[in-house]
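Everything below concerns the one structure shown next.
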Amino acid sequence: MPDKKTLHEKASDKASEATPIRTGFKSGFVAIVGRPNAGKSTLVNRLVGQKIAIVTSKPQTTRNRIQGIVTKPEGQIIFIDTPGLHDADSALGRQMMHEIAAALEGIDVLLLMVDASRAYPHADALLLQKAERFRGKTILALNKVDRLPKPKLLPLIDAFQKAFDFAAIVPISALTGAGCDDLLEAILRELPPGVPYFPEDQITDQPERFLAAEIIREKAIQVMYHEVPYALAVIVDKFEELPKLLRIEVTMNVERDSQKKILIGHKGEMLKKIGTEARKELEKLFDIKIYLALFVKVVPDWRENPQKVRELDWHFQLEGLSEDIARKSPADEDPSQDPSGE
């Protein structure tokens, strides 16, 4: 499949061969941790220069750790985007908090991110606890400063300086890009000397099938009512690369029949709209014509089912895919399915 940039490859010894090592080169892993809707995914997309994480106005839409890779002459930064920090009240919530804990293992720098227009150090105790427990350097990014009156910025920075000994506090706007270069410089200063972990042109380690599922979920969230986004799971059943076509078949799981009706819409209009918008973005991302089939299935209370929640992890999906390929032949395919999933 032709592509404009390498979207996914495994890190290997070949990475260091592909990128000449320069004197003073630094590399390392940086976890981005913040409250829901702090702008973490927007920042990752901004820094890598391409969309690899979905962005919506709904909180808690990032469910898996997403790695974005930024390579500059001075070094390589591997960003780990995490779910929004919140009190877990379901199997899905607990899995999301586990993703944060796992992201903090083995990182070089912790990047805390707060919405400057709503930030109060005393109200961010849960966030500051992560910094207190982390033994390495922590940088604070004050995001959305474009929404904050300038007279309020300096007192806010002063308050956070008194709350914790940050290696740096950088005001930014992930949306406009303001301050993002300063943030990269601050991070590079704290990274250890090293070699690149990934090839120079690689921007993420996420499989294309996972990126496809996330973009489809984003389009569904944008057109759905308030209750549906959190009850929606998107699973890629088929990801077939043909010479001039990429065939993607997806199951969209919801918890109730009423949600299924909303997703499908009158005479399938909603499902068609979601599919059209997702297909256009995926064709731009993958640079190939795409056939996209969407199916909707009711899985009652899947968010409370640890097994169902685990199935959202792309590592688990790929394991299952390998097993399916081993035992299933092309003759077993049944293309005549109702788009509603019934």
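Worth a mention:
- Value of relative contact order over the range 119-230, rounded to a whole percent, pairs C-alpha under 8 Å and six or more apart: 22
- Per-residue SASA remark: PHE166, around 20 Å² accessible (1.4 Å probe; ligands, DNA and RNA not included).
- Between ASP158 and ASP237, the modelled label-to-label distance comes to 6.1 nm, taking each label 7 Å out from Cα in the direction of the beta carbon.
- Too-long pairs where the Cα-Cα distance tops 20 Å, listed order kept, from LYS130/LYS162; LYS40/LYS238; LYS137/LYS162: LYS40/LYS238
- Cα→Cβ-extended label distance, 7 Å offset, between GLU74 and ASP301, nm: 5.3
- Phi angles across the range 232-240 convert, under the Karplus curve 6.51 cos²θ - 1.76 cosθ + 1.60 with θ = phi - 60°, into 3J(HN,Hα) values of 9, 10, 10, 10, 7, 8, 9, 9, 10 Hz, Gly and Pro given as x.
- Full-stretch length increase - LYS150, LYS289 - with 0.36 nm per residue and alpha-carbon distance subtracted: 45.4 nm
- Cross-link pairs exceeding 22 Å in C-alpha to C-alpha distance, out of LYS219/LYS260; LYS219/LYS244; LYS261/LYS289; LYS51/LYS284, comprise LYS219/LYS244; LYS261/LYS289.
- Take ARG35: with every protein chain present and a 1.4 Å probe, its accessible area is about 80 Å².
- Extension gain, VAL223 to GLU185: 0.36 nm times the residue separation minus the Cα-Cα distance gives 9.9 nm.
- Peptides 288-298, 203-213, 69-79, ordered by how many other C-beta atoms sit within 10 Å of their residues on average, highest first, read 203-213, 69-79, 288-298.
- For the range 110-167, the relative contact order is 49 percent, taking Cα pairs closer than 8 Å that sit 6 or more residues apart in sequence and dividing their mean separation by the residue count.
- Amide H contacts of THR204 (H built 1.01 Å from N, under 5 Å, at least 5 apart or other chain): ILE69
- log₁₀ of I(q)/I(0) at q = 0.18, 0.20, 0.26 Å⁻¹ - the range 211-287, Debye sum with one point per alpha carbon: -0.71, -0.86, -1.32
- For ILE187, neighbours were defined as the other residues whose beta-carbon sits under 12 Å from its Cβ, and their charges (Lys and Arg +1, Asp and Glu -1) total -2.
- Straightening the chain between ARG133 and LYS261 buys 41.5 nm, computed as 0.36 nm per residue apart minus the Cα-Cα spacing.
The values are calculated or read from the model by the stated rules, or taken from the named source; none is laboratory data. None of the values given here were measured: they were computed from a predicted structure. Methodologically, a virtual Cβ is constructed for each residue, glycine included, from the backbone with ideal geometry; neighbour enumeration extends over all protein chains shown. Areas reflect the complete protein model, heavy atoms only, side chains present, ligands, DNA and RNA absent. Shrake-Rupley method; radii C 1.70, N 1.55, O 1.52, S 1.80 Å.
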